[in-house]
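FYI, it's all coordinate maths here, none of it is from the lab. Worth saying up front: this structure is predicted, and the values here are computed from it rather than measured. Note that each Cβ is placed from the backbone with ideal geometry, even for glycine, and that neighbours are counted across all protein chains shown.
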Amino acid sequence: MSKSHITNFKWGDKFSFFVSLCLLLPGLVLLISLLILIGGHINQKSVCTEKVSAQVVSYKEEERKVKKSRSYYTVYYPMYEFEYGGTSYSCISEHEQKYEQFPVGEFVEMFIDPSSPSTFYVPEENGYNSKLLKLLISCIPLTLSGGISFAVSVRGRIRMNKSKSLVTQ
C-alpha cells in the first residue's frame, strides 16, 4: 500500500467522520428535545386529573411573519373560563388552534390539576400531539443516518489503525 493511498484514506476518513457528526449531533439534540417535550406533556396529563367544563370566552390572536416573505398569518389561542371549588378561573391555551375549532361560547371538556387549577389540558386540542409526533418521526431518519455513518467511519478508523500497525511491523 503506497503512502499517498494511506494519506488519501485518512482525509476521506476524517471527512466521513465530520459528515457523520454533522448528521448525528443535530438529530440527537432534536430527538432529546422532543422526548423532553413529550415527557412534559405526558406528565401534564398525569397531573391533570380533575374533569371540568370550560367555556371558550375569546381568542388571543398573534400575528406571525412567514419566513423569507413579507406576508403574515394569524394564529389563535383559545381563552377559557371555568369554575372549580367555588372559584372562577380564566386561562389561555398554549397551543395554537384554528379559529373555527371552538366557537366562542362553546363548552369544552378540560382536565385540571386539582392542586393548581391553572395547569390544564384540553383533549380536543389534538393538533399539538400530531405536531410533536411528526417532528419525532422526521428526526429519526436524521439520527439513524448519522449513527450509521458514524459507526462506519469509526470502523474505518479502526481498520486503518490496524493496517498501519501491520505495515510498520
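In table form, for the structure just shown:
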quantity: Ranking of Leu144, Leu31, Leu23 by count of other Cβ atoms within 10 Å, fewest first; calculated: Leu144, Leu31, Leu23
quantity: For segment 42-84: rounded, prolate or oblate by the Cα gyration tensor [a/c cutoff 1.5]; calculated: oblate
quantity: Full-extension gain in nm, Phe18 to Gln101, via 0.36 nm per residue minus C-alpha separation; calculated: 25.2 nm
quantity: Footprinting exposure proxy for Cys22, Cys48 (fewest neighbouring C-beta atoms within 10 Å first); calculated: Cys22, Cys48
quantity: Estimated FRET transfer efficiency (Lys51, Ile137; beta-carbon r; R0 41 Å; 0.05); calculated: 0.85
